Amino acid sequence: QLQLVESGGGLVQAGGSLRLSCAVSGRTFSNYAVGWFRQAPGKEREFVTGISWSGGATYYADSVKGRFTISRDNAKKMVYLQMNSLKPEDTAIYYCAGDYSDHVPYGYKYWGQGTQVTVTS
């Protein structure tokens with residue numbers, strides 16, 4: 001199994017930037033994909049971005065394309081979400097999720113506890 005812990009959330013003004021981190025532990029010797037999801041109050045959880053084990057494949061929701069970048073450092077067992085040009089509608093709890101896959105799934109088995117991102121106008 002995988003354990004994932006998010007960090008880096010906080011309060012930022014619209015147009016600003018924030019970098020979220022996801023520390024992964026557990027059975028990390030098998031290939032695993034990592035995704036970021038977010039959930040705003042009263043809204044469904046939505047897929048934000050995902051990255052394959054090698055980092056060679058990434059996917060982004062249309063709402064964040066060109067603004068967010070996912071990356072990973074497998075030696076450090078870390079995954080990052082660089083968020084630029086933040087908008088108030090990006091306000092949500094952001095979750096890091098992982099699953100064993102050679103691709104980038106939309107559904108993930110293992111989840112972190114989330115980190116709050118608040119973007120003020």
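Pairs are defined by a Cβ separation below 8 Å, a sequence spacing of at least 6 or placement on different chains, a first member in segment 107-121 that is among the hydroxyl-bearing types (Ser, Thr, Tyr), and a second member that is loosely packed, with under 13 Cβ neighbours inside 10 Å and not in a strand (DSSP E or B); the pairs so defined are Tyr110/Gln1; Thr120/Pro88; Ser121/Pro88. In segment 78-106, of all residues being under 14 Å from the mean Cα position of the chain (by Cα) and open to solvent by 50 Å² or more (accessible area, probe 1.4 Å), the one that is farthest from Tyr60 (Cα to Cα) corresponds to Ile93. Condition first: buried (at least 21 other Cβ atoms within 10 Å of the Cβ) and either more than 14 Å from the chain's Cα centre (by Cα) or at pLDDT 95 or above (or both). Can you find one or more residues in segment 38-46 that meet it? Yes. Counting the residues of segment 53-77 that are out of contact with any Asp or Glu (no Cβ under 7 Å at 6 or more places or on another chain), in a loop (DSSP other than H, G, I, E, B) and surrounded by fewer than 21 Cβ atoms within 10 Å (Cβ to Cβ) gives 13. Looking only at residues in segment 60-94 that are among the polar types (S, T, N, Q) and without any contact (Cβ under 8 Å) to a residue 60 or more places away in the chain, the one that is farthest from Glu46 (Cα to Cα) is Asn74. Selection over segment 32-80 of residues that are out of contact with any Lys or Arg (no Cβ under 6 Å at 6 or more places or on another chain) and farther than 12 Å from Tyr95 by Cα gives a count of 32.
The values are calculated or read from the model by the stated rules, or taken from the named source; none is laboratory data. Keep in mind that what you see is a predicted model, and the values were worked out from it rather than measured. When we count neighbours, we look across all protein chains shown, and the Cβ atoms used for this are built from the backbone with ideal geometry, even at glycine. With ligands, DNA and RNA removed, areas are computed over all heavy atoms of the protein, side chains included. Shrake-Rupley method; radii C 1.70, N 1.55, O 1.52, S 1.80 Å.
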